[in-house]
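Reading through the structure tokens given below for one structure.
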Amino acid sequence: MTVTSPATAAAAPERAGLFTSVRARYLMPVAFVTYSLAYLDKSNYAIASAGGMADDLGLSTSADSLIAASFFLGYFFFQIPGTLYAEQRSARRLVAWSTVAWGLLAVAQGLLSSPGQLIAVRFALGVVEGAVLPSMVMLLGRWFTRGERGRANTLLILGNPVTVMWLSAVSGWLVSVSDWRVMFVAEGIPSVLWGLACLWLIKDRPEQYGRLPEHELARLRADLAAEKAAAPPVTGTLRERYGRVLRSPAVLTMAAQYFFWSFGMYGFVFWLPAIIKKGSGEGIGATGLLTAVPYACAAAAMLLNSRLSDRSGRRRRAVWPWLACGGLALAASYAAGDHFPLALALLTVAGLCLYAPYGPYFAFVTSLAPPGIAGAAIALVNSLGALGSFAGTYLVGWVRGTPLGDAGAFGFMAACALLSAGLTLAVPEPAAARPARVP
């Protein structure tokens, strides 16, 4: 491909907005589908559990919680080495083969007959998925500028609530017309096929995509070069630079912040179907439809918040207020007691507030590391988030089975969301991370 100079690029057609750029039209659908399938295969456990799996396998509440949470222990271990491989070698290969592997393991969940087998497969599912999100965020950093990354990250992570919307309805329907085993198999096969397709669809760098217009590539190169020039100089080997990022007080604080955010988030995600089923008194099919309501609102909030964040360039204030409101809504939803419509409305507010900050949040974390090694910061943060997800999934389920009941569970989730909001305020926003207004 012939590449134009920056001077030529300046005379090229007017700069396209993010959503009309060739880069976004090519890469974002691929990223969205990939993360959607990842979220599907780790989150449909909640529907299976509420749909009869716990009874069929004789699982207590604490055992059910441990099996659901074991995914996140596996997720913790491969974050940093997997991201290092993606940065040094190929994010394309890592994402593609991880997708194939987690699809096969997702299918295996429907073929097992004992709690021990299920916990082993859930752990392995976490291991193979572990490096996918940080690798995808790192990949987006090569394809999009600082002023675009809030929205690009949001379009990636939007796969989360959008998937849960249809997952809740479709999975509930599959369980109601067949059983939870059929659901696991039917929802795991698409990941295997998509992973093989990713070997062809994903390109590691914009230069490798032959359909990218020359003026768009030239502008991207110039913008990324300007960002790199404005950043502090970076010295040492890649491993030494990774080490400095992993010891950074700001990155460590945000890792702790993500631990508590993930505690509240995944306590909410994994136990929402059971909470709604208990509160509404409905069957599994209707429960699936009701569970989709908070996620529909969350998807809209994510798009709005990322747009406002990219326009202002202020990432921190696009994170902490939402988390604080989410914590308060979680506490209030339990206080609603037997008034289920009010409780569902407050759970919807909690869900959209917990989801809305994701895109700006990862743009904020990326800004704390020099260009080219932001994957280290994302991997560390996501690793601690995995432990928070484990704690939230397990402890919320365990507390629900104790005399503390749902009151204790909601209290834990609310406190963690509020603490994560406070920790966000403890990290100053880098001046270099405040881009000019974007279209």
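Readers should treat all values here as calculations from the given coordinates under stated rules, not as data from a laboratory. Keep in mind that this is a model prediction, so the values were computed, not measured. Cβ placement follows ideal geometry from the backbone for every residue including glycine, while neighbour counts extend to all protein chains displayed.
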**Fill in**
Stretched fully, the stretch from Thr235 through Ile189 gains (0.36 nm per residue minus C-alpha distance, one decimal, in nm) 12.1 nm
**Message:** Let me check I've understood the local charge: for Leu73, count other residues with C-beta under 14 angstrom from its C-beta, Lys and Arg +1, Asp and Glu -1. What total comes out?
**Reply:** +1
**Asked** Taking amide H positions as placed 1.01 Å from N in the peptide plane, with prolines and chain starts having none, which residues 5 or more places from Leu368, or on another chain, fall under 5 Å of its amide H?
**Response** none
**Fill in**
Relative to the chain, whose Cα atoms define the longest principal axis, helix 132-143 and its Cα axis are tilted in degrees, nearest 10, by 30
**Message:** What distance in nm lies between label points placed 7 Å from Cα along the C-beta direction at Ser113 and Gln208?
**Reply:** 4.4
**Prompt:** How far, in nm, would the chain grow between Leu196 and Ser90 when pulled straight, counting 0.36 nm per residue and subtracting the alpha carbon separation?
**Reply:** 36.6 nm
**Fill in**
Helix 358-367 sits off the longest principal axis of the Cα atoms of the chain, rounded to the nearest 10 on a 0 to 90 degree scale, by 40
**Complete:** Rounded to the nearest 10, the angle in degrees between the Cα long axis of helix 340-355 and the longest principal axis of the Cα atoms of the chain comes to 30
**Complete:** Among Gly150, Gly326, Gly281, the residue with the largest mean-square fluctuation in a Gaussian network model of the chain built from Cα contacts under 10 Å is Gly281
**Request:** Mind giving me the FRET efficiency for Asp56 and Arg244? R0 is 60 Å, r the Cβ-Cβ distance, nearest 0.05 is fine.
**Result:** 0.75
**Complete:** Most fluctuating of Glu148, Glu129, Glu227 in the GNM of the chain (C-alpha, under 10 Å) is Glu227
**Item:** Cα→Cβ-extended label distance, 7 Å offset, between Val22 and Trp97, nm
**Value:** 3.1
**222 nm mean residue ellipticity, helices alone, for the chain (DSSP H n ≥ 4; -39,500 (n - 2.57); rounded to 500)** = -25500 deg cm²/dmol
